[in-house]
C-alpha cells in the first residue's frame, strides 16, 4: 500500500503532468509519461504487497505488482 509520503509525491507527479491517472474497473491506474517510467517502477518496488487472492474490482488488488494500491481490501480475501 502507498504511504503518506508516497501519496504526496504521486500528487505532485500528477499536478506537474509526469503521470496521468485513469480509472478502470473502479480502480486507479497510473501511467507515467515517456521517459518517466522509472518513477513508477521505483514506486512499485517499494510497495508492500500481500499474497492474497483479491477480487478483480477490489481496491487492494495489485495485479501481480503492476498497480499501486491506495485502499484497503473490501472483498474479504483470506
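Each reported figure results from applying straightforward, stated rules to the coordinates on display, with no laboratory input. Values in this document were obtained by computation on a predicted structure and should not be read as measured data. In this analysis, Cβ positions are derived from the backbone assuming ideal geometry, glycine residues included, and neighbour counts consider all displayed protein chains.
The table that follows gives values for the structure above.
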item	result
Full-stretch length increase - residue 37, residue 75 - with 0.36 nm per residue and alpha-carbon distance subtracted	10.7 nm
Mean Cα-pair separation over length for the range 1-69, i.e. relative contact order, pairs under 8 Å, 6 or more apart, %	31 percent
Diffusion constant of the range 38-78 at 20 °C, which comes from Stokes-Einstein with the Kirkwood Cα-pair radius and 1.002 mPa s, µm²/s	202 µm²/s
Crossing angle, helix 4-16 versus the chain [Cα axis fit, 0-90 degrees, rounded to tens]	50 degrees
Separation of the residue 22 and residue 3 label points, Cα + 7 Å toward Cβ, nm	2.9 nm
Tilt relative to the chain, helix 37-46 - C-alpha long axis, 0 to 90 degrees, to 10	40 degrees
